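The values are calculated or read from the model by the stated rules, or taken from the named source; none is laboratory data. Quantities reported herein were computed from a predicted structural model and do not represent experimental measurements. When we count neighbours, we look across all protein chains shown, and the Cβ atoms used for this are built from the backbone with ideal geometry, even at glycine.
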C-alpha cells in the first residue's frame, strides 16, 4: 500500500484529474439526455458509471504494476489483439450497428473489441520499435514496421474506417517519436497519398457515402449530412451560456441523432453553450499537454513511445469527434474519449490513463 501511495504521489495531477472531470461531465450529460427522453434512470447512465469505477480500479492496478511489465508480454499480446478484432466475424457473436460490424454480443451487454485492441496495438508497437530503433533509419526498416502493424490496420478498417484511421495515426506518431526523421516521414506520407485512389476504391459503400457527404455538405440527401446539420443547429442554438442543464431541445425531441455517443459534444454545448464547449476543449488541452510532457520526460524510450502512442490516440479522437460535430471533418463514428457513452471506450480510456500515470511516476526529474 505504501508503495502504491508513493507511485501515486509522483504522478502527473493533470493526467489524473482531467479525465475524471471529463467522465463526470459525460455522465451528467447522459443523465440529462435520459431525463429529456423520459427514461431516467437509464441503462446508459448505469453502464457508464460502472465502467468508470471499474476503469479507475484497473488504471490503479496498471499504474502499480508498471508499464514495462505489460510491454514484455508482446508475444502474447500480438495474437490476442488479432483474435479480438476478428471475433466480430464469428456468427452469433459479432453484431452490426450503424453499417459496421464492430461489436460482439455478451448477453445483455455489447463489447467493442477495437477499443481494447488500440491499447494492445500501442503496447506491441512500443516493444517492437524500441527493439528495432536502429533499423528505422532505412527504408527497409520502415517497411518492416509497417508490415508489423498492417494486420491490425487492415482488419479493423474493413468494418470500422474511423478506428482504422486511429490505428494509422498511432503508428505514424510512434514511428516518428522512435527517431525517424521528419523528412523520411514526409516521403512516406507522399507515397501513401499516391495510393489514396486505390484505398478509396476498396472502401465499403457506407464509408464512401460518408466521404461524399463531407465533400457535399449542403446535400442533405447524403447519409451523414442530416446528422451534422442538426449537430451544428444544436451547437448554434446554445449561444454563449446555453439553454441550461436539462433544457436541451434538439436532443430531447429526437432531432440530434446518437446524442449519447457520436454527437455528445453538440448535446453538451446546446445546454451549456460556448462556455461548456470551451471547458471541454480546455480540459482536453491540459490533459493532452501533460500527456505529451510525460512522453518527453519518460525515463526510457519505451515510456516515450507508450505515452506518445496514447497521446496520439486521444488527440486524434478528440479532434476528429469535435470537428465532426462542427462539420469540418467527415462523420466516422469515432467517440469523444471519456464523454461519449460506451463501456468499452471508458474502460480502454481509463486503462490508458493508468499507463500514462505509470510512465509519469517513473519519469526523469
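For this structure, a couple of remarks:
Matching residues to (1) in a helix (DSSP H, G or I); (2) touching a helix residue (DSSP H, G or I) at 6+ places or on another chain (Cβ under 6 Å):
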residue	(1), (2)
274	yes, no
279	yes, no
318	yes, yes
336	no, yes
339	no, yes
353	yes, yes
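- Residue selection: residue 172 fails the criterion of being under 24 Å from residue 130 (Cα atoms), assigned to a helix (DSSP H, G or I), touching a helix residue (DSSP H, G or I) at 6+ places or on another chain (Cβ under 6 Å) and at pLDDT 70 or above.
- Residue match in the range 291-311 (condition: in contact (Cβ under 8 Å) with a residue 12 or more places away in the chain and more than 30 Å from residue 11 (Cα to Cα)): no
- The condition (being under 16 Å from residue 235 (Cα atoms), in contact (Cβ under 8 Å) with a residue 24 or more places away in the chain and surrounded by fewer than 24 Cβ atoms within 10 Å (Cβ to Cβ)) is satisfied by just one residue among 322, 328: 322.
- The set of residues in the range 176-196 that are farther than 16 Å from residue 139 by Cβ and either in contact with a helix residue (DSSP H, G or I) (Cβ under 9 Å, 6 or more places away or on another chain) or at pLDDT 70 or above (or both) comprises 177, 193.
- Selection count where residues are at pLDDT 90 or above and within 21 Å of residue 338 (Cα to Cα), scope the range 235-281: 20
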